[in-house]
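Visitor: There's a structure below that I have some questions on.
The values are calculated or read from the model by the stated rules, or taken from the named source; none is laboratory data. These numbers were taken from a predicted model, which means no experiment stands behind them. Virtual Cβ from ideal backbone geometry, glycine too; neighbours counted across all protein chains shown.
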Amino acid sequence: LAIATALSAELATRRRWHLLPLLPLFVTYVAIVAMSAPAGVNLVWPLALAATSAIFATLRNEGSLGERLMLLGGERRLLPLLVIAGLIAGLVSVPVAMASRADPRRNDPAQLSAPLLDPIEATLALRDLDPPIELHTLEGSQDDALPTRWRTAALESYDGQRWSPTLTLRPIGRTLGVATNESIDVNIRFLNADLQLVPFPGAPIAVDALIETDQDRTVVRLIERPGAADVIAVTANLAPSSADDKDRIVAAREIDEDVSGLTDLATTLSGEGTLLEQLTQLEQTMQNEFILDSGAPGGGLQRALIERFLRDTRRGNAEQFATGFVLLARSLGAQARVATGFIAADDAVEGTLQLSSEDAAIWPEVLMVNEGWLAFNPVPDVEASGATPPPPDPQVQAPAAPQPPIAPPPDATENNETINESDESDSTSAFSNVATVLVRGAAVAGILLLPIVALAAIILGAKFRRQRRRRRATDPTDRIRGSWATATDALVDAGLSIGHATTDSQIATDGERFVDSAHREMHRLAKLSSAATFGAPERPDLLVEDAATCLDVLNHSMATERTLWQRLRWRLSLRSLRSGTRSPVAT
């Protein structure tokens, strides 16, 4: 870039080359775009250079910069055409979405990963494998006991139907966080090539592999699929082990309208005490009074099924226990979420822990201040047997109720009313469609007219500001001359051309063809301006009111004598604002 800029600067000193100084910069930027292709094409500077070259190509290769600007300024249609072209280009591009698309002919690496699959469904699929398979071997130091709970994903967004992973994974370095609590170093051996999620016992700190993760580090996924017996070294914080520490503080969460209806039920199940004591009691209540049944009817995660499980049946599967506990904890004001991963059935042997598909599990977690996420286990230890519950005791059959009389045939008038109601509904639907089309058309028209309205507001604002400055002049003679200058601006906008040596009387005479019924006031205002300019009036304050009255009569006459379209062109004319056509009368 430095060499190309220096070469362009040297060529720019030689006038005969004209557009040649732009060539080194253009070639250099094209090369930079080619070299930076993996990071995306950036055509900002090449397009700017191309536009600059097109502008310079329209100019002559001679004369000074001031002469070129004067040449462009004298062309009255150039600026409006450029403004109109820019507005049309912007308005046309409004409904067009210029999204970057991948080239199917090239195998480029993706900048963003695809959305994460549902971790709960993946966990259930692993747990249902028959026969079970070995997934991970965790190797730590023999001095440190390996935890049995390893999280692969955490879900916080519940839409009433399921826990949805709305996060987006992006590639990142090997360092993921800082050590806040006691940490542990573990070597994780992947025994299955289909696994890409890295399990952690707590908040991740570092991973010795190419990974992608989200902003909150709730999911860590390998970019490349692991090979057979690949070993990855990880470092992670240890999560809080139990809820026995009474000094812990539960992170608060606002009770929103989605869970506020469960607050009374949560209070009934959890009893009194601190928030941590309530959560512990809620965990014990669900373990002791609820029934775990993987095949229970209505075992989905929809909100209606969860409330039926909590309020009525109290019989459900493990994912319903986790979801119900999280919703109840949130209704008490606790920051809670659902986690998926593995809970090892056996403890580590000589620093080695085996994780299989049978260990896949779902559990709730609650955030503790300055400690991390604490796992809870509201699921009963023993699942209910597969036997169906006994039917209720038979009751004595009640006598049959008398049958209602047969209804008479429908009246023809009722059918007519039904048809009329149908017609009315059809007409209402048609009216709503027409109203929708009209609203959309009005919105599109508003978008198209918005730049024009903004431009008109700018022009009128500039003229109003100039008139207000003239009216607020401290010297009365300046206010008289300001009234005459405003009148000449109105005449110029109407089409009058005024020379620099034209007197006030000549301006009034030449302007008579643009004013039909205010000739006397216009000549009177011209004489007052000449007297204020070349003389010394005795009472200029009285003449100021006279000049203002003449100006009002003149403006009213010019406005009423024109049609609406002529008046609009007169008000929005730029002749009185351009240096080449504006009035030479100044205050």
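Visitor: Could you list, in sequence order, the residues of segment 188-206 that are in contact (Cβ under 8 Å) with a residue 40 or more places away in the chain and not in a strand (DSSP E or B)?
Guide: Result: Leu191, Asn192, Leu195, Val198, Pro199, Pro201, Gly202, Ala203.
Visitor: Report yes if Asp185 is assigned to a loop (DSSP other than H, G, I, E, B), surrounded by fewer than 17 Cβ atoms within 10 Å (Cβ to Cβ), assigned by TED's automatic domain parsing to the domain that holds His136 and in contact (Cβ under 8 Å) with a residue 40 or more places away in the chain, otherwise no.
Guide: When the stated conditions are applied, Asp185 does not pass them.
Visitor: Within segment 299-329, which residues are closer than 17 Å to Ser164 by Cα and among the charged types (D, E, K, R)?
Guide: Result: Arg303, Glu319.
Visitor: Can you confirm whether segment 158-166 contains a residue that is among the polar types (S, T, N, Q), at pLDDT 85 or above and buried (at least 17 other Cβ atoms within 10 Å of the Cβ)?
Guide: No, the conditions are met nowhere in segment 158-166.
Visitor: Further question on the same structure: Of everything in segment 214-236, what is in contact with a Pro (Cβ under 8 Å, 6 or more places away or on another chain) and not basic (Lys, Arg)? Give them in sequence order.
Guide: Val219, Val220, Ile223, Ile232, Val234, Thr235, Ala236
Visitor: Here are Leu269, Leu276: which of them is part of a helix (DSSP H, G or I), buried (at least 16 other Cβ atoms within 10 Å of the Cβ), in contact with a Lys or Arg (Cβ under 7 Å, 6 or more places away or on another chain) and not small (Gly, Ala, Ser)?
Guide: Residue meeting the stated conditions: Leu276.
Visitor: Can you confirm whether Ala228 is among the small types (Gly, Ala, Ser), closer than 29 Å to Ser357 by Cβ, surrounded by fewer than 20 Cβ atoms within 10 Å (Cβ to Cβ) and in contact (Cβ under 8 Å) with a residue 24 or more places away in the chain?
Guide: yes
Visitor: Would you pick out the residues in segment 228-241 that are touching a strand residue (DSSP E or B) at 6+ places or on another chain (Cβ under 8 Å) and not in a strand (DSSP E or B)?
Guide: Hits for segment 228-241 are Ala229, Leu238, Ala239, Pro240.
Visitor: Return the only residue of Gly495, Gly535 being surrounded by fewer than 15 Cβ atoms within 10 Å (Cβ to Cβ), out of contact with any strand residue (DSSP E or B) (no Cβ under 7 Å at 6 or more places or on another chain), in the same structural domain as Ala473 (by TED's automatic domain parsing) and under 18 Å from Ser483 (Cβ atoms).
Guide: Selected residue: Gly535, the only one of Gly495, Gly535 that is surrounded by fewer than 15 Cβ atoms within 10 Å (Cβ to Cβ), out of contact with any strand residue (DSSP E or B) (no Cβ under 7 Å at 6 or more places or on another chain), in the same structural domain as Ala473 (by TED's automatic domain parsing) and under 18 Å from Ser483 (Cβ atoms).
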